[in-house]
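Undergrad: Handing you a structure now.
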Amino acid sequence: QARARLDVLARTDPLTELMNRHAFAAVLEDPSGSEAVHGSLAVIDLDGLKAINDSWGHHTGDQAIRAFARALRAKLRADDLIFRWGGDEFLAVLFGLPPAETTARLSEIGDVLFRVDGAAPSPLSVRGSFGVAAFHSVGELRAAAEAADAAMYQAKRGRGRAAS
């Protein structure tokens, strides 16, 4: 039981309680997931988190990350896989969902308001930029993540919010 608990802890981000990069690697390595599947993968990056951290501290930035993680969970389906990819980046795998529908769902999130404990004015808001790519097998997930990441940066550069 202790080993199983440690395995769960190793694959879970403690701040958001989402899966982490280690969990994504496990999905890629799982031989039972080798059958043909399809869907879309999204990389989402929070806009303006550095400004929140610089103005109000990392505790407030952590609150923004948690609030955005809750918004992702609320907008995506229960069986979609959501990972905290990095400091302010998330990755979502949406099996059976085409990129256009994934883009529509993520576009609906908009500004995420969150209450702040501390000196910052409350509420504050945070928004994410994202990129989406299709995949047609588990083996394509890594390439889809790279394509979605490039699309997300293109969206940020274009000051738009979405690209695919």
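The values are calculated or read from the model by the stated rules, or taken from the named source; none is laboratory data. Because the structure is a prediction, the values reported are computed rather than measured. A quick note on method: Cβ atoms are made from the backbone with ideal geometry, for glycine too, and the neighbour counts reach across all protein chains shown. Please note that ligands, DNA and RNA were not included when accessible areas were found on the heavy atoms of the full protein model with its side chains. Shrake-Rupley method; radii C 1.70, N 1.55, O 1.52, S 1.80 Å.
Undergrad: State the three equivalent ellipsoid semi-axes of the stretch 28-120, derived from the C-alpha gyration tensor as the square roots of 5 times its eigenvalues, in descending order and whole Å. It would help to have the intermediate numbers written out before the result.
TA: On the way: eigenvalues 174, 41, 21 Å².
Equivalent-ellipsoid dimensions as semi-axes: 30, 14, 10 Å.
Undergrad: Now for a different question. At a 1.4 Å probe, what is the % contribution of carbon and sulfur to the accessible area of the chain?
TA: Exposed carbon and sulfur together represent 53 percent of the surface.
Undergrad: Please give the length that would be gained between Ser125 and Lys50 if that part of the chain were fully extended, namely 0.36 nm times their separation in residues minus their C-alpha to C-alpha distance (nm, one decimal).
TA: 25.7 nm
Undergrad: Given the options Ala2, Ile44, Ile109, identify the residue whose Cα lies farthest towards the positive end of the charge dipole of the chain (+1 on Cβ of Lys, Arg; -1 on Cβ of Asp, Glu).
TA: Ile109
Undergrad: Ordering Lys50, Lys156 from largest to smallest accessible area (1.4 angstrom probe), what's the sequence? Intermediate values should be presented prior to the final figure.
TA: Numbers: Lys50 140, Lys156 45 Å².
If we order Lys50, Lys156 from most to least accessible, we get Lys50, Lys156.
Undergrad: What accessible area per residue, rounded to a whole number of Å², is obtained for the stretch 38-164 using a probe radius of 1.4 Å? Show your work: numbers first, answer last.
TA: On the way: 5820 Å² over 127 residues.
Per residue, the stretch 38-164 has 46 Å² of solvent-accessible surface.
Undergrad: While we're on this one: What is the extension gain from Arg77 to Leu9, computed as 0.36 nm multiplied by their sequence separation minus the C-alpha to C-alpha distance, in nm to one decimal? Walk me through the numbers before you get to the answer.
TA: Numbers: separation 68, 0.36 × 68 = 24.48 nm, distance 2.30 nm.
Working it through step by step, the gained length comes to 22.2 nm.
Undergrad: Further question: Rounded to the nearest 20 Debye, what is the dipole magnitude of the stretch 20-90 about its Cα centre when Lys and Arg each give +1 and Asp and Glu each give -1 at the C-beta?
TA: Details: 8 positive and 11 negative charges, 60 e Å.
My answer is approximately 300 debye.
Undergrad: Distance between the C-alpha centers of the stretch 80-130 and the stretch 59-79? Whole Å please.
TA: Value for the Cα centre distance between the two parts: 6 Å.
Undergrad: How much mean residue ellipticity at 222 nm does the chain get from its helices, if each DSSP H run of length 4 or more adds -39500 (n - 2.57) and you divide by all residues, to the nearest 500 deg cm²/dmol?
TA: Values: 6 runs with 70 residues, N = 164.
Value at 222 nm, helices only: -13000 deg cm²/dmol.
Undergrad: Between the helical axis of 141-157 and the dominant principal axis of the chain, each derived from Cα atoms, what acute angle in degrees is found, rounded to the nearest 10?
TA: 30 degrees
Undergrad: Can I ask one more? In the full protein assembly as shown, how much of His136 is accessible to a 1.4 Å probe, in Å² to the nearest 10?
TA: It works out to around 120 Å².
Undergrad: Could you work out the local net charge near Leu28, counting Lys and Arg as +1, Asp and Glu as -1, over the other residues with Cβ closer than 11 Å to its Cβ? Write out the running numbers ahead of the final one.
TA: Numbers: positive: Arg21, Arg142; negative: Glu29, Asp30, Glu140.
For residues surrounding Leu28, the net value is -1.
Undergrad: Could you size up the charge dipole of the stretch 80-137 around its Cα centre, putting +1 on the beta carbon of Lys and Arg and -1 on that of Asp and Glu, and report it in debye to the nearest 20?
TA: On the way: 4 positive and 7 negative charges, 5 e Å.
Value, rounded to 20: 20 debye.
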